[in-house]
Amino acid sequence: MKRFASIDFLRGFAIFLMLFLHIISDTLYIDTILADLNNVPLGNVVALIILPFLGGLAGFFLMVSAVANMISMHKHLERGKPVNALVVKQVLGGIILLIFAMLVE
């Protein structure tokens, strides 16, 4: 199966940025920064503003994953596989993903 390197790169980039932003947000003491805002370094204030705006980039990762899923579904349909099999595969995959997500949480 032909893979799209750009989609794999974007997924990896989103994961890397999510890890980076979570590390930064865990090391920032937000209450301390807000209490003494006049004496805090500018980098901490900028990080405090940017982090909520980026939101951890989970939405970006989900968007890229959804694009990859749509491409995969389209390729299955081009090969002549029945729509019912594709729907069952997507629903079962979603249920399995939901179960594992609940177990991890």
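The values are calculated or read from the model by the stated rules, or taken from the named source; none is laboratory data. None of the values given here were measured: they were computed from a predicted structure. Don't worry about glycine lacking a Cβ; one is built from the backbone with ideal geometry, like all the others, and counts go over all protein chains shown. SASA here: full protein model, heavy atoms, side chains in, ligands and nucleic acids out. Shrake-Rupley method; radii C 1.70, N 1.55, O 1.52, S 1.80 Å.
Points worth noting:
- Principal axis extents of the C-alpha atoms in the chain (largest first, rounded to whole Å): 65, 31, 16.
- Measuring nothing but protein heavy atoms, the accessible surface of the chain at 1.4 Å probe radius is 73 percent carbon and sulfur.
- Straightening the chain between ILE49 and GLN90 buys 10.9 nm, computed as 0.36 nm per residue apart minus the Cα-Cα spacing.
- Structural descriptor for the chain: relative contact order 33 percent, calculated from alpha carbon pairs under 8 angstrom and at least 6 residues apart.
- Net charge of the neighbourhood of LYS2, taken over other residues with C-beta under 13 Å away and scored Lys/Arg +1, Asp/Glu -1, is +1.
- Listed peptides 59-65, 29-35 by packing density, highest first (mean Cβ within 10 Å): 59-65, 29-35
- Solvent-accessible area per residue, Å², over the chain with all protein chains present [probe radius 1.4 Å]: 79
- CD proxy at 222 nm, helix term only [per DSSP H run n ≥ 4: -39500 (n - 2.57); per residue of the chain; nearest 500]: -27000 deg cm²/dmol
- Between ALA5 and VAL104, the simple spin-label model (points 7 angstrom out along Cα→Cβ) gives 2.8 nm.
- LEU42-PHE13 FRET efficiency (beta carbon distance; Förster radius 25 Å; 0.05 resolution): 0.40
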